[in-house]
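Notes for the one structure printed next.
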Amino acid sequence: MINDSYDIIVVGGGPAGTTAARWAALGGASVLLLEKDRELGIPVRCAEAVGWKTLLKYVQPNPQAVTVKLNSVRFIAPDGTEFVFKTDDVGCILNRRIFDHDLGRMAAQAGARIITRAYVNGLVFQSGKIGGVKVSLPDGNKEIKAKIIIAADGVESRVGRWAGIRTHHVPKDLESCYQMTLGGISVNTDYVSCYFGTNVAPGGYAWVFPKDEDTANVGLGISANRSEELKAQDYLERFVEKRFPGASVLACVAGGVPNTKPFKKVHGDGILLAGDAAGQASPLTGGGITNAIAAGKLAGEIACESLKNGSYLEKNLAVYTKKWEDQWGGEHRRLYRIKEVVNKLSDVTLNNAAHILAEIPSEQITLKQVFRTTLARHPKILIDIARCFL
Amino acid sequence: MNYRAKRKGKRTELTSLIIKEENCDYCGCCVAVCPVDCIELEEKKISIDMIKCTLCGNCPYACPVSALVGETA
Ligand SMILES: Cc1cc2nc3c(=O)[nH]c(=O)nc-3n(C[C@H](O)[C@H](O)[C@H](O)COP(=O)(O)OP(=O)(O)OC[C@H]3O[C@@H](n4cnc5c(N)ncnc54)[C@H](O)[C@@H]3O)c2cc1C
Ligand code: SF4
Ligand code: SF4
């Protein structure tokens, strides 16, 4: 039985939603989480890579949710020139089905109620203020009251829009992605690989993220405004045909990641937005798992706090946007500017940069070195890149 | 100049929009770029309110597969 009223309703059972539900419930609120799909974590619209240290700040993952750990990234330029550089943080490739289930379990343990196959199709307004949600359940439609809504409904977020917050994206700021999990291949589990080039993935990159020596998430994202002729799926089929001919396809999914500037506002009267729904994924890499978890936690905590104070109007919840902005806003903006520059670099420029970097021994390649060397030899890139740091 | 106005100048708007649901993966990219919020996307069901749709042409671009086909004049 679902109650008719809760303190907080969370829409969406991804990492942002389950984390928000967990922290809200831990703070003592009555919490309902509604997910439209029949299972949390499925389908896995994700390449499953996270920074290990960043992840540990927020959750201790179930060991079964971690497949491989690695600490290098291999870049492949349009002409095939490669260079490898070590990252500061160890990366790990998750099993998101297990990982997302686990986040759900933690929320449930904290006391949140989770319902799947619950499609939220509208908000309920009471004297002009949000008072709950309209949900379509297998046995019919229902209206459920809540004091605060946390919109964690992913890239397709509509809940925020119903509350009057602009959450849709211009095509340029959306990565249109397609991914296959390939089996029966041979991959090196020491690094992840990223391929660049207008023929590979215009306005984005292709990734090979190993899950085992013989299995990998192979996918790509293209800027949604650059799909005049070919779709992400077409680019990926071509890529896989070339690099992994004869591979078995264990799964394939389409998906989207926001690559946007920070939203001006991720809160409203009685509503907070978290994760992809708030455009919080990294605009440069498209990584959004830890961003979603971090924002979900903040949203859950602030929602609880506001409930305790009995005030959850726009002005009371503004602290959420402010805290997000203070902690991550600057970095997010910087990554957005870098993305804008990188997407404009021609294949020739990328090749030239890769030729120089390929000469530096990989142990010495750090992000700083990359910039320093490229800048020294390619003043034109210097100008472009300098602009994005201004 | 706002984005849509720019787009109008650059690209022809659509004359019709067709959903090929057999290709759809229900990923939500189309919803994410729809300026008028006229796409309804459930777990395994998609529909577009053609009365609200302005045929702006965003969603066929965003779709990672060939599930939305826009026709231009
Ligand atoms: C192809 C691809 C590869 C990626 N690779 C990586 C990666 O390697 N590393 C990384 O960190 N990030 C990656 N990302 C991004 C990452 O997946 C997202 O940033 C992350 O899942 C965001 O979490 P979230 O909780 O905000 O949203 P989601 O995980 O998208 O969850 C939103 C949930 O809300 C539900 N929902 C939506 N609307 C409604 C509604 N009306 N009613 C009820 N429920 C609703 C959805 O079904 C969904 O379950 C990738 C994304 C894609 C598409
Ligand atoms: S973008 Fe394409 S595949 Fe994704 S839900 Fe929309 S129509 Fe379906
Ligand atoms: S054409 Fe534009 S308005 Fe119509 S459904 Fe697609 S994105 Fe929405």
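Taking A:Thr349, is it open to solvent by 50 Å² or more (accessible area, probe 1.4 Å) and not aliphatic (A, V, I, L, M)? Considered against the rule, which asks whether it is open to solvent by 50 Å² or more (accessible area, probe 1.4 Å) and not aliphatic (A, V, I, L, M), A:Thr349 comes out as no.
What's the number of the condition A:Glu229 fails, among (1) in contact (Cβ under 8 Å) with a residue 12 or more places away in the chain; (2) of a type outside the set (S, T, N, Q); (3) outside the structural domain of A:Ala112 (by TED's automatic domain parsing)? The number of the failed condition is (1). Within segment A:139-160, the residues that satisfy the criterion of being open to solvent by 20 Å² or more (accessible area, probe 1.4 Å) and not in a loop (DSSP other than H, G, I, E, B) are A:Gly140, A:Asn141, A:Lys142, A:Glu143, A:Lys145, A:Lys147. Condition first: in a strand (DSSP E or B) and more than 14 Å from chain B (Cβ to nearest Cβ). Can you find one or more residues in segment A:236-244 that meet it? Looking through segment A:236-244, none of the residues is in a strand (DSSP E or B) and more than 14 Å from chain B (Cβ to nearest Cβ).
Yes or no: segment A:216-225 includes at least one residue that is assigned to a loop (DSSP other than H, G, I, E, B), within 13 Å of another protein chain (Cβ to nearest Cβ) and under 30 Å from A:Leu33 (Cα atoms).
no
Quick grid of which residues meet (1) closer than 17 Å to A:Glu48 by Cβ; (2) buried (at least 20 other Cβ atoms within 10 Å of the Cβ):
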{"position": "A:Leu182", "(1), (2)": "yes, yes"}
{"position": "A:Gly197", "(1), (2)": "no, no"}
{"position": "A:Ala206", "(1), (2)": "yes, yes"}
{"position": "A:Asp214", "(1), (2)": "yes, no"}
{"position": "A:Ser227", "(1), (2)": "no, yes"}
{"position": "A:Glu237", "(1), (2)": "no, no"}
{"position": "A:Gly246", "(1), (2)": "no, no"}
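The conditions of being more than 14 Å from chain B (Cβ to nearest Cβ), within 16 Å of ligand 1 (Cβ to nearest atom), modelled with pLDDT of 95 or more and open to solvent by 30 Å² or more (accessible area, probe 1.4 Å) are met by A:Glu331. Considering each residue of segment A:119-130 in turn, none proves to be assigned to a loop (DSSP other than H, G, I, E, B), hydrophobic (A, V, I, L, M, F, W, C) and either within 16 Å of ligand 3 (Cβ to nearest atom) or closer than 23 Å to A:Ile293 by Cα (or both).
Going by the conditions given, is A:Lys36 among the basic types (Lys, Arg) and either in contact with a His (Cβ under 9 Å, 6 or more places away or on another chain) or not in a loop (DSSP other than H, G, I, E, B) (or both)? Taking the combined requirement at face value, the residue does not satisfy it. Restricting attention to segment B:23-34 and to residues that are within 7 Å of chain A (Cβ to nearest Cβ) and on the phi < 0 side of the Ramachandran plot, the residue that is surrounded by the fewest Cβ atoms within 10 Å (Cβ to Cβ) turns out to be B:Asp25. In segment A:252-259, the condition of being surrounded by fewer than 22 Cβ atoms within 10 Å (Cβ to Cβ) and either part of a strand (DSSP E or B) or away from chain B (no Cβ under 14 Å) (or both) is met by at least one residue. Listed conditions (1) within 30 Å of A:Ala206 (Cα to Cα); (2) of a type in the set (Gly, Ala, Ser); (3) more than 14 Å from every other protein chain (Cβ to nearest Cβ); (4) not in a strand (DSSP E or B) are all met by A:Ala108, apart from (1). Checking each residue in segment B:35-61 for being within 7 Å of chain A (Cβ to nearest Cβ) and buried (at least 19 other Cβ atoms within 10 Å of the Cβ) picks out B:Leu41, B:Asn58, B:Tyr61.
Against the test of being within 15 Å of the chain's Cα centre (by Cα), open to solvent by 10 Å² or more (accessible area, probe 1.4 Å) and charged (D, E, K, R), the options A:Arg38, A:Arg74, A:Arg22, A:Arg45 yield a single qualifying residue, A:Arg45.
The values are calculated or read from the model by the stated rules, or taken from the named source; none is laboratory data. Note that this is a predicted model, so its numbers are computed, not measured. Note that each Cβ is placed from the backbone with ideal geometry, even for glycine, and that neighbours are counted across all protein chains shown. Quick note on the areas: whole protein, heavy atoms, side chains included, nothing else; ligands and nucleic acids left out. Shrake-Rupley method; radii C 1.70, N 1.55, O 1.52, S 1.80 Å.
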